[in-house]
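Asks: Next up is a structure, given as structure tokens.
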Amino acid sequence: MKLNNSIAAVVTGGASGLGEAMARCLAKHGVKIALFDMNEAKGEALAKELGGVFCRVNVTSDAEVMAGLAKARAANGQERILVNCAGTGNAFKTASRDKNTGETKHFPIDAFERLIQINLIGTFRCMAMSAAGMLTLEALADGERGVIINTSSVAAQDGQVGQAAYAASKAAVVGMTLPVARDLMNDGIRVNSIMPGLFNTPLLANLPENVKAVLAASVPFPKRLGEPHEFAALAEAMITNSYFNGESVRLDGAIRMPPR
């Protein structure tokens, strides 16, 4: 797909981190941008800077996603690009025992469910609703109607201690990439996912510098954290290369995460 001002895009989690980098990347090509996020202050400011539209959207809500898409389409037209970056994480062991008291506890089930709702079901909700809109578009010259990029994680394959819910949610994003691509193949809509490793995003920004240095040193090469613009560059390649379909690609400096 050629990126120009005839193309509209929706980026979830678009107010910061990977989503912000993606929005900036697309806007440089003239693409009309709609940002879905919960952070109104950052989202409105970035949308104004990029000449786009901000939509306050909680991806766990059918009504909010539908309203966000309606607002985005009213401003920019039907999107041909959806990039799902909205997500979160948590860390609890499946079960644990206090060595001093002997007291046991388990992973809070509501916390597990919340992560699945955001990272997995939220991603699928946006995919399904956006794809339904893409079906109304005329195909481009090469038969293409749209492209969807999802954000998974290396945790999909290398989940660490405490990451049962996070790894499950991200592995499921990988797991649904090919079947959704197959669902949409006859309508010219491609679907791919990216599995980022250790990236310099707000999720890591609050860590002490010495901790970030240790994380960076653990990457085989280059020995640093990934930068959001590198994620955006891979997503851009997936969008512009029409033979890229049904794939989940690690972007991680060759790291394989240890147990903890």
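Asks: Specify which of the listed residues (PHE107, PHE112, PHE124) is more than 21 Å from ALA8 (Cα to Cα) and under 19 Å from the mean Cα position of the chain (by Cα).
Replies: Working: PHE107 fails: under 19 Å from the mean Cα position of the chain (by Cα); PHE124 fails: more than 21 Å from ALA8 (Cα to Cα).
Checking each option against the conditions leaves just PHE112.
Asks: Right, something else. THR94 fails exactly one of the following numbered conditions: (1) surrounded by fewer than 16 Cβ atoms within 10 Å (Cβ to Cβ); (2) touching a helix residue (DSSP H, G or I) at 6+ places or on another chain (Cβ under 7 Å); (3) of a type outside the set (Gly, Ala, Ser); (4) closer than 24 Å to LEU234 by Cβ. What is the number of that condition?
Replies: That leaves (4) as the condition not met.
Asks: Inside region 186-206, can you point out the residues that are farther than 24 Å from ARG24 by Cβ and either part of a loop (DSSP other than H, G, I, E, B) or touching a Ser or Thr at 6+ places or on another chain (Cβ under 8 Å) (or both)?
Replies: Residue satisfying the conditions is GLY188 alone.
Asks: Mind listing just one residue for me: the one in region 232-248 that is surrounded by fewer than 17 Cβ atoms within 10 Å (Cβ to Cβ) and touching a Ser or Thr at 6+ places or on another chain (Cβ under 9 Å) and, of those, farthest from GLY146 (Cα to Cα)?
Replies: Step by step, filter region 232-248, then rank; the result is GLU247.
Asks: I'm told ALA165 meets every condition in (1) over 17 Å from ALA181 (Cα atoms); (2) within 16 Å of the chain's Cα centre (by Cα); (3) not charged (D, E, K, R) except one. Can you identify the failing condition by its number?
Replies: Answer for ALA165: the failing condition is (2).
Asks: Hey, can you tell me all the residues within region 73-91 that are modelled with pLDDT of 95 or more and over 18 Å from the mean Cα position of the chain (by Cα)?
Replies: Matches in region 73-91: ARG73, ALA74, ALA75, ASN76, GLY77, GLN78.
Asks: Still on this structure: I'd like to know if region 218-231 contains one or more residues that are of a type outside the set (Gly, Ala, Ser), under 26 Å from MET127 (Cα atoms) and surrounded by 19 or more Cβ atoms within 10 Å (Cβ to Cβ).
Replies: Step one: list which residues in region 218-231 are of a type outside the set (Gly, Ala, Ser), which gives 219-225, 227-231.
From the residues that got through so far, the ones that are under 26 Å from MET127 (Cα atoms) too are 227-231.
Imposing the further condition that a residue be surrounded by 19 or more Cβ atoms within 10 Å (Cβ to Cβ) reduces the set to 228, 231.
Scanning region 218-231, I find at least one residue that is of a type outside the set (Gly, Ala, Ser), under 26 Å from MET127 (Cα atoms) and surrounded by 19 or more Cβ atoms within 10 Å (Cβ to Cβ), so the answer is yes.
Asks: Among the residues of region 93-106, are any within 22 Å of ALA156 (Cβ to Cβ), assigned to a loop (DSSP other than H, G, I, E, B) and in contact (Cβ under 8 Å) with a residue 24 or more places away in the chain? It would help to see each step written out before you state the result.
Replies: Here is the first cut: in region 93-106, the residues within 22 Å of ALA156 (Cβ to Cβ) are 93-94.
Subsequent filtering for residues that are assigned to a loop (DSSP other than H, G, I, E, B) retains 93-94.
Filter once more, so that each one left must be in contact (Cβ under 8 Å) with a residue 24 or more places away in the chain: 93-94.
Checking region 93-106: at least one residue is within 22 Å of ALA156 (Cβ to Cβ), assigned to a loop (DSSP other than H, G, I, E, B) and in contact (Cβ under 8 Å) with a residue 24 or more places away in the chain.
The values are calculated or read from the model by the stated rules, or taken from the named source; none is laboratory data. Predicted model, so just to flag it, every value in this text is computed and none were measured. Cβ sites come from the backbone with ideal geometry, for glycine too, and all protein chains shown count toward neighbours.
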